[in-house]
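> Starting off with a structure, shown below.
Derivation of every value follows stated rules applied to the coordinates shown; laboratory data play no part. This one's a predicted model, so the numbers in the text were calculated from it and none came from an experiment. Using ideal geometry, Cβ is built from the backbone for each residue, glycine included, and neighbour counts are taken over all protein chains shown.
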């Protein structure tokens, strides 16, 4: 594996992670803000917070070689090859998909459990506390992210094959 290949894989992994975070965290949070207050400034802020990470995702995934050339990441090394025994691009992708799936699950389980417990408390109480409500949107986002993390963990081999095939 050359050092250019290593940087290419690392940049694409970061791009994939930023795309997943944008899709399942930034967009839902901003849409929930839009529901509560509809204003031109709010719409511009939401569009910018969606377009900037999406643009970063597209740049990192599709313009990887341009980034490597611009930042000169492959310059200044003694050897052209990086000696990593038995580690290929697909193996690194498998590991990164497992890590991303694990982060999604571990990041959203506590919040989901908290929201579910609060929902049961709210529905089970005879007189709900004023100013409290059930966050069904947060529960839905937590479930979606946990399911996505589970799907990443169970299908990491086919995803790694798909992403390494596109190079």
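> Please list, in order, the residues from region 1-23 whose amide nitrogen is less than 14 Å from a point placed 7 Å along the Cα→Cβ vector of residue 71.
4-18, by backbone N distance to the label point.
> Based on the alpha-carbon gyration tensor of region 1-116 and its eigenvalue square roots a ≥ b ≥ c, which shape applies: rounded if a/c is under 1.5, prolate if not and a/b is larger than b/c, or oblate?
Cα axes put region 1-116 in the oblate bin.
> Then there is this: Roughly speaking, what is the stretch gain from residue 34 to residue 63, that is 0.36 nm per residue apart minus the C-alpha to C-alpha distance, in nm to one decimal?
The span from residue 34 to residue 63 would gain 7.2 nm if fully extended.
> Where in region 47-66 is the amide nitrogen less than 13 Å from a point lying 7 Å along the Cα-to-Cβ axis of residue 137?
Label zone hits: none.
> Order these by the 10 Å Cβ neighbour count, fewest first: 40, 161.
Sorted ascending by nearby Cβ count, the order is 40, 161.
> Please determine, in degrees from 0 to 90 and to the nearest 10, the orientation of helix 89-124 with respect to the longest principal axis defined by the Cα atoms of the chain, where the helix direction is its Cα long axis.
10
> Working from Cα positions, state the angle (0 to 90°, nearest 10) between the long axis of helix 136-154 and the longest principal axis of the chain.
Compared with the principal axis, the helix lies near 30 degrees.
> Round to the nearest 0.05 the FRET efficiency obtained for residue 41 and residue 165 when R0 = 35 Å and r is the Cβ-Cβ distance.
0.20
> Helix 27-36 versus the longest principal axis of the chain: what angle, 0 to 90°, nearest 10, using Cα atoms?
Around 30 degrees separate the two axes.
> Given labels modelled 7 Å from the Cα in the Cβ direction, how far is it in nm from residue 54 to residue 102?
Roughly 3.2 nm, to one decimal.
> While we're looking at this one, here's another question. Neighbouring Cβ atoms within 10 Å as the yardstick, rank 79, 5 fewest first.
79, 5
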